[in-house]
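The structure appears right after this line, and notes come after that.
FYI, it's all coordinate maths here, none of it is from the lab. Quick caveat, the model's predicted, so the values are computed rather than measured. Neighbour counts run over all protein chains shown; Cβ positions are idealised from the backbone, glycine included.
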Amino acid sequence: MKIMSIRTDLALETHQHFTEKAEDLSGVKVADKSVKDIEITQVTIETEEAAEKMGKPIGNYITLHTPDLRYIDKILYEKICRQIANEIKELIDDDVDKSILIIGLGNRAITSDSLGPQVTDRLVVTRHLFSHAPEMLSTNYASVCAVSPGVLGITGIETEEIVSAICEKLKPCAVIVVDALAARNIDRITKTIQICDTGINPGAGVGNNRREISQKTLGVPVIAVGVPTVVDAVTIAKDTLSSTLNDAESDMIFNSGKIPQEILNFTTTPKEIDILIKKSAEIVANGINFALHDNITFEDIDIFVN
């Protein structure tokens, strides 16, 4: 019997799935730590065999666990932003001049998919200022540019083609890609931030794989930052059934063919997703700003963004 797969973009959840099934997963290391009251999990995929089994490339996947972003105080807000910055800095080569291209993936017209574009709206972009207004900059600023290329259905162009063309022209030292993700657990919606050094496949979490954006396709390091904003409706239903039935029984129901395909294809998001996306975009953008521009403050960010 074919067991229905549960889609997730989070390496942590994929690893947990194998752990729950008591399946062997050699070639993967998991480390937990707590930094300034923020819980962090790092999943490192070390072998091709493990990468194939998990369906994710070899590399590092760092997950920050956060409380509900709507209710955190200013102190914790800044701690989260700074920790995002620290994790990104760990993945960027300090020996090169920072010329960074940031890509905000997603569809601005669909709230749950608008994280990338909303992040680019809040970034401190400086590339143009180095030539047009250098007096506004000090030595602590990196050369940063950003673009939200839209989606294939609107542009008719693969996102990877757009990003590759920009990289060929600008030759950044690294690319940061920001995108909304899919999670397996609804409790992770906008309460998890994943940072990885493996790039990204746009649309993978909702079964709409596009060409990958990675060092292999662009020729420069690609850091992906994502926040889960959607969950398959089937996941919620299956988890609800699993609370009263064993895994075999719930799998049998979901693979019986009696559940309409339309239901199996539903993706769900919280009703207050507009507020949650706004808060997530602010935190991710500020984390990137702190990572790329040394000693920048919230006041500095406000001057550039507003």
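Only one of the values [x] 126; [y] 149; [z] 168 was calculated from this structure for volume of the Cα convex hull per residue in Å³; name its label.
Of the listed options [x] 126; [y] 149; [z] 168, [y] comes from this structure.
Among 296-303, 148-155, 171-178, what's the highest-first ranking by average C-beta atoms within 10 angstrom per residue?
Output ranking for 296-303, 148-155, 171-178: 171-178, 148-155, 296-303.
What are the residues whose amide H is under 5 Å from the amide H of Asp294, where those residues sit 5 or more places off or on another chain and H is modelled from the backbone?
Ala142
Quote the FRET efficiency, to the nearest 0.05, computed for Glu161 versus Asp97 with a Förster distance R0 of 30 Å and r equal to the Cβ-Cβ distance.
Efficiency computed from Cβ-Cβ geometry: 0.65.
Please get the size of the charge dipole for the chain, origin at its Cα centre, with Cβ charges of +1 on Lys and Arg and -1 on Asp and Glu, quoted in debye to the nearest 20.
Roughly 500 debye, rounded to the nearest 20.
Separation between the Phe298 and Arg70 pseudo-spin-labels, each 7 Å from Cα along Cα→Cβ, expressed in nm?
Distance between label points: 2.0 nm.
Rounded to the nearest 20 Debye, what is the dipole magnitude of the range 51-198 about its Cα centre when Lys and Arg each give +1 and Asp and Glu each give -1 at the C-beta?
420 debye
Under 27 Å Cα-Cα from Lys216, which lysines qualify once same-chain neighbours fewer than 8 residues away are excluded?
Correct list for Lys216: Lys29, Lys53, Lys56, Lys89, Lys98, Lys169, Lys171.
Rounded to the nearest 5, what is the percent of antiparallel bridges among the DSSP beta bridges in the range 11-305?
About 60 percent, rounded to the nearest 5.
Can you work out ³J(HN,Hα) from phi for every residue in the range 214-219, in order, using Karplus 6.51 cos²θ - 1.76 cosθ + 1.60 and θ = phi - 60°, giving whole Hz and x for Gly and Pro?
Residue by residue, the range 214-219 yields 8, 4, 5, 8, 9, x Hz.
What is the distance, in nm, between label points placed 7 Å from the Cα along the Cα-to-Cβ direction at Thr217 and at Leu137?
Simple spin-label model gives 2.9 nm for this pair.
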